[in-house]
Amino acid sequence: MALIAFTFLVTILVEPLVAQEDTSQANEDLRIQFIEVEGSQRVEAETVRSYMILKPGMTADPVLLDQSLKSMFASGLFADVTIRRERGGLIVTVVENPIVNRVIFEGNDKLDDDDLYEESSLRPRQVYTRSKIQNDVEKFVELYRRSGRFSAKVEPKVIQLPQNRVDVVFEIEEGETTRVRSINFIGNERFDDDRLREEISTQESRWWRFLSSNDKYDPDRIAYDSDLLRRFYLSKGYADFRVISSFAELTRDGKEFFVTFNVEEGNKYQFGESVIDTSLKDVNINELEQLIRHQSGRIYNSKKVDDTVDDLTEALGSKGYAFADVRPRVRRNRKDLIVNITYRIQEGPRVYVERINVNNNVRTQDRVVRREMYLREGDAFNRALLNKSERNIKALNFFGEVEISETPGDDEDSVILDIDVEEQSTGELAFGIGYSSVENLSTQFSIVERNLLGRGQLLSLSTSISSQRTFLNLRFAEPYFLNRDLFGSVDVFRTTTDYDTEASLETSETGIGGSIGFPVAEDARLNVFVRLSENELINDAYTPQFGAYLEPFTEFKAQLGYSYTIDKRDDVIDPTEGWDFILSQNIATPLGDVTYLRTTLVADYYRPFFEEWVFHAKLSGGYIEDYEDEGVSYNDNFFVGGSIIRGFKRSGIGPRDLQTNYVLGAKQYLVGTLETKVPLGIPKDFGIKTYIFTDFGVIGDTDVVATDVRDELAFRASYGLTLNWKSPFGPVRFDLARPIAEEEYDSAQFFRFTAGTRF
């Protein structure tokens, strides 16, 4: 029994020793003595070894061997890699990926080669990989989809060349533009589908939209439209509104989409209590409350809240609180359907502008962009001023895209502003044709460079010719004269006016003028000008009964004047709210042959009411008097007619000689307009706007003394309808008006038509 136990113990002790010797021998056999590279041509053998996880002296572990293979394939340098064990080492055989010789695009007409090349990851003299070409195909297809071509196909082909090079050819079938057949809404009760379609940028495909791209399907535009819908409903009081979903369905033929927005309108809210809560010292809360743009009981409008935040931020910044942080806290009372707002004003983190960089401005000089900034290096950072600066740069219209981004500066309390711009063409060559019932056929030609030599200066030459007027003007303008906020300009001009229908005569003016304009307040501007000209009156049918008034003459005129403008309209092109005011005076000085003081005034007021209705009131007037009592020349008088009081011909009212039917012009006039923009219920994209109006006023006072001259400051008035159409071929305007107060010698005109186009 003892012998058996001893034998068992010896076995246990000896067997582990034998196993350990076998394992050591096996590891020694698997140890890598060397790594040899085969098949490499461009890539150095040492570079191949550097991608290997296994190194000489290491054991040939299968896991590490697999990781080495993955590392080499991930480098993108090799099309194939094999590793085999031989003579105590590893033999690595590689097949290198070819080098790209050329990247070629075929079949692309709608997208340029440069646009596609910019998206491609393949470049000449770089390594070709299958993954790169597949990624490029996906990018190109997505690019075509964003341009509205969802049926586009891209087929890559690889042409083998000597020395392991390839040409990569992308054969493209662009397909037809995928348009939007219909736009539908689900869940809308307060506003119908037609009304909501007017608020979004995507449009349904129609034959008359051949000049527009908004009827092309674009998923990014659909997402933007969801935000536009949200803004619209929030501006109408629906504080709970949300777009539940938006989706598009492709038709069976793959040519059109059905777009559907699923919305939840919610209830309509009113403004409730609005208060200002601030921890800032020395702040007059009563003054700040005057800046709140909404009142209790009015329909809730999120835009008024945003505008209030901007106004408060700007006001606090002007008082030295450059770091003020204004945040509106909106509390909805769903029971009473009111929105209470607390504007919380706190001292934000103190951040200063370390540096301002202008990027990608290849042509435009840095200073042209920098002078539009309200912020300078070293200034306290102010969000409101930054937003205003960005709007200023965009308003230059020198750049297709403008984006200002912020990055941390070298210090914790500093920020770097990067102004990224995309240059666009600033030169314009335009030729226009127009027709009106007054001047018949007219032509216009202009050549304009708005950013001369990248300095932000303007140089233009324009001319227009019609049956009654010829105009030629050469202008140079410097918006920052003497490196200050002074708009300086010089004009050389010639104007010829044919008064054949009024008095069988012709006038001309040739001269040069200069002006300097500058802001006197945020919305107010003063412009001072000087004008030197030679004026001529040609009258082949002169009769002595008018004395010197209509006698042919040539005279020199030296004028000095100013214009003061206040503009508080919400939109310059299509205003719906606000007012503007222009006062102009110019004096013909004794340095010339004529002397007078001329004053004109124009004031407008706009106010919206109901949905899409806009009330417009206008007052205009003028007065001229020769301060040396020598009489005012014919061509310096005021001629009022169809453009000011609709329903009458050009110069159709005012002093007139009954014997010859000559229109004599007047030294004073005062005209008013009451007008209302009336919605027709048709989609906005038709570009049609309709106005009902009444014009009224008086004009009179002439220096002509003759038996048959009628010169009463009689009241005139008219009413009618104006229709403006922004057609695909240019603006078209129709005026239908009928006088309701006139003199027997006035010239009425029921219909007035104007049309024009530029190309």
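Things to note:
- Residue count for segment 703-743, restricted to those that are farther than 15 Å from residue 652 by Cα and either outside the structural domain of residue 667 (by TED's automatic domain parsing) or outside any strand (DSSP E or B) (or both): 8
- Exclusive hit being out of contact with any Cys (no Cβ under 8 Å at 6 or more places or on another chain), closer than 26 Å to residue 396 by Cβ, modelled with pLDDT under 85 and not aromatic (Phe, Trp, Tyr), set 457, 468, 444: 444
- The one condition from (1) over 23 Å from the mean Cα position of the chain (by Cα); (2) at pLDDT 85 or above that residue 412 does not meet is (2).
- Here residue 753 qualifies as among the aromatic types (Phe, Trp, Tyr), under 30 Å from residue 198 (Cα atoms) and in contact (Cβ under 8 Å) with a residue 60 or more places away in the chain.
- Comparison of 237, 254 shows that the only residue that is surrounded by fewer than 13 Cβ atoms within 10 Å (Cβ to Cβ) and either part of a strand (DSSP E or B) or out of contact with any Cys (no Cβ under 6 Å at 6 or more places or on another chain) (or both) is 254.
- Put simply, of 273, 264, 249 the only residue that is surrounded by fewer than 16 Cβ atoms within 10 Å (Cβ to Cβ) and without any contact (Cβ under 8 Å) to a residue 40 or more places away in the chain is 249.
- Restricting segment 180-210 to residues that are basic (Lys, Arg) and in contact (Cβ under 8 Å) with a residue 60 or more places away in the chain leaves a set whose member that is surrounded by the most Cβ atoms within 10 Å (Cβ to Cβ) is 197.
- A search for C-beta distances below 7 Å between a residue of segment 521-532 that is assigned by TED's automatic domain parsing to the domain that holds residue 488 and touching a residue at least 12 places away in the same chain (Cβ under 8 Å) and any residue that is outside any strand (DSSP E or B) and of a type outside the set (Gly, Ala, Ser), counting only pairs 6+ apart in sequence or on different chains, returns 523/568.
- Within segment 288-393, strands (runs of 3 or more DSSP E) holding 1 or more residues that are surrounded by fewer than 18 Cβ atoms within 10 Å (Cβ to Cβ), of a type in the set (D, E, K, R) and in contact with a helix residue (DSSP H, G or I) (Cβ under 6 Å, 6 or more places away or on another chain): none
- Residue among 607, 598 that alone is within 30 Å of residue 538 (Cα to Cα), among the charged types (D, E, K, R), part of a strand (DSSP E or B) and in the same structural domain as residue 673 (by TED's automatic domain parsing): 598
- Of residues in segment 746-759 being in a loop (DSSP other than H, G, I, E, B) and exposed (fewer than 15 other Cβ atoms within 10 Å of the Cβ), the one modelled with the highest pLDDT: 750
- Within segment 598-657, being over 36 Å from the mean Cα position of the chain (by Cα), of a type in the set (Phe, Trp, Tyr) and surrounded by fewer than 19 Cβ atoms within 10 Å (Cβ to Cβ) holds for 623, 627.
The values are calculated or read from the model by the stated rules, or taken from the named source; none is laboratory data. Treat the numbers as computed from the prediction; the structure is a model and nothing was measured. Because the Cβ atoms are built from the backbone with ideal geometry, glycine has one as well, and the counts that use them run over all protein chains shown.
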